[in-house]
Amino acid sequence: MSTEQTLPHVWVSLDIMGAPFDPDSVTTQLGVEPTLHHRTGDPILGNRGRWRGDRWRVTIGPRDTLEIDGMLSELLAHMAPGEQRLNKVCAELGVKPTITCAVEPTSSLTPSIVFSPDVVRWAADHNVEIDVDIMLWWEKGDNEEA
């Protein structure tokens, strides 16, 4: 049995999703290119159904890491051209943006999920929620009792 542990897969993103809106319009208004966007009804990659809402997203990662500080800094730098318009755009759309830190554990190693005061202040100033998602997957039978 191997004792080598692999780093978790981690990504951070800023999402605008919800009420019907045109993601291309968000790109134009913010002056920021998303890494992903889709409209309600678009197919989900891998033929897993259809999206139930509109979404505009900037993602940094995934990366195999135990630290998210650098990824959060990259996210805020990417958003810098549109940060002065973010509140207005989201208010007009009736949506609340969210910063998400997603972690997919690959061993018992867990990342340091710490949001610096600068990130928390940025989120508060822009009316952005902060969310942490731990992506736990298991094979059929893994959750059955012995």
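The values are calculated or read from the model by the stated rules, or taken from the named source; none is laboratory data. This one's a predicted model, so the numbers in the text were calculated from it and none came from an experiment. Note: ideal-geometry Cβ built from the backbone for every residue, glycine included; neighbour counts use all protein chains shown. What goes into the accessible areas is simple: the full protein's heavy atoms, side chains included, and nothing from ligands, DNA or RNA. Shrake-Rupley method; radii C 1.70, N 1.55, O 1.52, S 1.80 Å.
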_Burial ranking of peptide ranges 109-116, 45-52 (average Cβ count within 10 Å, highest at the top)_ = 109-116, 45-52
*State, to one decimal in nm, how far the label point of ILE130 lies from the label point of THR106, with both points 7 Å from Cα in the Cβ direction.*
2.6 nm
*Please get the size of the charge dipole for the chain, origin at its Cα centre, with Cβ charges of +1 on Lys and Arg and -1 on Asp and Glu, quoted in debye to the nearest 20.*
560 debye
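Nothing charged except the Cβ atoms of Lys and Arg (+1) and of Asp and Glu (-1): what's the magnitude of the dipole of region 42-85 about its Cα centre? Round to the nearest 20 debye.
The calculation lands at about 400 debye.
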*By how many nm would the segment from ASP69 to ARG52 lengthen if fully extended, with 0.36 nm per residue of separation less the alpha-carbon distance?*
3.0 nm
*Sum up the charges of everything whose Cβ sits under 9 Å from the Cβ of ASP22, counting Lys and Arg as +1 and Asp and Glu as -1, but leave ASP22 out.*
-1
_Would region 26-82 count as rounded, prolate or oblate if I go by the C-alpha gyration tensor, calling it rounded below 1.5 in a/c and otherwise prolate when a/b exceeds b/c, oblate otherwise?_
oblate
*Which sequence of SER13, SER25 reflects their accessible areas, 1.4 Å probe, from the largest down?*
SER25, SER13
*14 Å beta-carbon shell around ARG50, net charge (K/R +1, D/E -1)*: +2
*Let me know the Kirkwood hydrodynamic radius for the chain, please, with Cα pairs as the basis and the value in Å to one decimal.*
16.8 Å
_Per residue, how much accessible surface does the chain expose to a 1.4 Å probe? Answer in Å², no decimals._
62 Å²
